[in-house]
Amino acid sequence: MIPVLPPAYEAVTFGGALRAAAGRWPGKVAVRMASRAITYADLVARSHALRNAALAMGLGPGDRAAIVARNTPEYFEVAAGLPDAGVALATIN
């Protein structure tokens, strides 16, 4: 049996959750790796830039993409940006 989620959780995506967090804590660190730290607001801006670049290249709803990457801050940009463009993302890492 598939569990039924409350309505508030039905349409939550990673990008949506990231935007909500940026709305609440724009200056807080979202991703920290070694000496790098990216705030929620910066991560949303970077994921939107990637989304816009993907759309400009002709990617969009119904397209598929795969990413092979290490766990880096850029991974989160891709994980939020491509699905926001409607692209189905497969992560291979």
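Measuring with a 1.4 angstrom probe and ignoring ligands and nucleic acids, S47 comes out at about 0 Å² accessible.
Our compactness index for the chain, the C-alpha radius of gyration over the empirical 2.2 N^0.38 Å, is 1.15. Accessible area of the chain with a 1.4 Å probe: how many percent of it is carbon plus sulfur? So the carbon and sulfur contribution to the accessible surface is 61 percent. Around the Cα centre of the chain, unit charges on the Cβ atoms of Lys, Arg, Asp and Glu (plus for the first two, minus for the last two) sum to a dipole of about 300 debye. Based on C-alpha pairs under 8 angstrom that are at least 6 apart in sequence, the chain has a relative contact order of 27 percent. Each DSSP beta bridge with both residues in the chain is either parallel or antiparallel, and the antiparallel ones are about 45%. Springs join every pair of Cα atoms under 10 Å in this Gaussian network model of the chain, and among A54, A21, A34 the largest mean-square fluctuation is at A34. Comparing mean-square fluctuations of L59, L43, L82 from a GNM of the chain with C-alpha springs under 10 Å, the top value falls on L59.
The values are calculated or read from the model by the stated rules, or taken from the named source; none is laboratory data. Predicted, not measured: the structure shown is a model, and the values here were computed from it. When we count neighbours, we look across all protein chains shown, and the Cβ atoms used for this are built from the backbone with ideal geometry, even at glycine. What goes into the accessible areas is simple: the full protein's heavy atoms, side chains included, and nothing from ligands, DNA or RNA. Shrake-Rupley method; radii C 1.70, N 1.55, O 1.52, S 1.80 Å.
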